[in-house]
Amino acid sequence: LSGTFPKIYYENLGKTFIDRKDYARAATWYERYMSVDSTHPRILANLSDCYRALGDKENLFRMLRLSVEAKSTNPGVYSNLAIEYTTRGDTTRAIELLDAALELNPDHAISHANLSLITLRGHRYDTSLRHAVEAIRLGMRDPVLFKNAGYASYFLADYSNAVLYLNEYLKAAPSDQNAKTLFDALERR
């Protein structure tokens, strides 16, 4: 019982405190769980959520890495770790993780959206457009996706679609002067 009982006890206490939004105490119990079993992907993901809520970026990063190393089957873990790598300037690793997330679930809209953002910055317009459109198809309506699709279409010389996507974006963000200028120029063209 020494291995199983504490894990059940620690996990239940961790969950109880997460439900109460007491992330510091939840983290304490999940860390105790980790002292018994440090490879459970779901516990690692729960612990990373606690650290995210507490603003502890280093422990968040550590837990997400451990969760991926433990072969988590949750594409959100891979997507969240990709964001952490992006903020650290490692977009190559971020793209690898987002691709892994999409291998787990090809319909993971957030991974498509994140890939769209990263690849647009990297001037990979065809890839950015494909992932933005896929995220939109999967139900995401974040205006930035329409902006990405519009800019990617523009750089791919697909001006009619650029106008359509930028028009959708500008409905949500009419004060974006750069997008408005590009939209007006394309519309005149």
For labels at Glu69 and Lys171 in the simple 7 Å Cα→Cβ model, what's the distance in nm?
4.7
Using only Cα atoms and rounding to the nearest 10 degrees, what angle (0 to 90) does helix 159-172 make with the longest principal axis of the chain?
60
Assign unit charges at the C-beta atoms only (+1 for Lys and Arg, -1 for Asp and Glu), then state the dipole size of segment 12-170 relative to its Cα centre in Debye, rounded to the nearest 20.
340
Put +1 on the Cβ of each Lys and Arg and -1 on the Cβ of each Asp and Glu in the chain; which of Tyr9, Leu44, Ala94 then has its Cα farthest toward the positive end of the dipole?
Tyr9
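Among residues other than Ala82 whose Cβ falls under 10 Å from its Cβ, what is the net charge (Lys/Arg +1, Asp/Glu -1)?
Working: positive: Arg93; negative: Glu84, Asp90, Glu96, Asp99.
So the surrounding residues net to -3.
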Under a cut-off of 18 Å between alpha-carbon atoms, report the lysines in cross-link reach of Lys15, not counting same-chain residues fewer than 8 places apart.
Lys7
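Among Lys57/Lys147; Lys71/Lys171; Lys57/Lys180, which pairs are too far apart, with a Cα-Cα distance over 32 Å? Please report the intermediate quantities before stating the final value.
Numbers: Lys57/Lys147 29 Å; Lys71/Lys171 41 Å; Lys57/Lys180 36 Å.
Pairs exceeding 32 Å: Lys71/Lys171; Lys57/Lys180.
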Quick one: helix 91-104 against the long Cα principal axis of the chain, what's the angle to the nearest 10°, folded into 0 to 90?
80
Under a Gaussian network model of the chain whose springs join Cα atoms within less than 10 Å, the largest fluctuation of Leu98, Leu54, Leu64 belongs to Leu54
Along the Cα→Cβ direction, 7 angstrom out, place labels at Thr91 and Arg20. What is the inter-label distance in nm?
4.5
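If you take every residue apart from Tyr10 with its C-beta less than 10 Å away from the C-beta of Tyr10, what net charge results, scoring Lys and Arg +1 and Asp and Glu -1?
Values: positive: Lys7, Lys15, Arg32; negative: Glu11, Glu31, Asp37.
Neighbourhood net charge equals 0.
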Mean accessible area per residue over the chain (1.4 angstrom probe, all protein chains present, square angstrom) is 54
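How high is the relative contact order of the chain, in percent, with contacts defined as C-alpha pairs under 8 Å that are six or more residues apart?
It rounds to 10 percent for the chain.
First measure r as the distance between the Cβ atoms of Thr4 and Arg121, then evaluate 1/(1 + (r/R0)^6) with R0 = 41 Å and state the FRET efficiency to the nearest 0.05. Mind dumping the intermediate values first?
Working: r = 47 Å, r/R0 = 1.15.
Step by step, r from the Cβ atoms, then E = 0.30.
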What is the sum of charges around Asn114, taking Lys and Arg as +1, Asp and Glu as -1, for the other residues whose C-beta is under 15 Å from the C-beta of Asn114?
-2
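The values are calculated or read from the model by the stated rules, or taken from the named source; none is laboratory data. Only a predicted model underlies this, so the values are computations on that prediction, with no experimental measurement involved. Using ideal geometry, Cβ is built from the backbone for each residue, glycine included, and neighbour counts are taken over all protein chains shown. All accessible areas refer to the heavy atoms of the entire protein, side chains included, with ligands and DNA or RNA removed. Shrake-Rupley method; radii C 1.70, N 1.55, O 1.52, S 1.80 Å.
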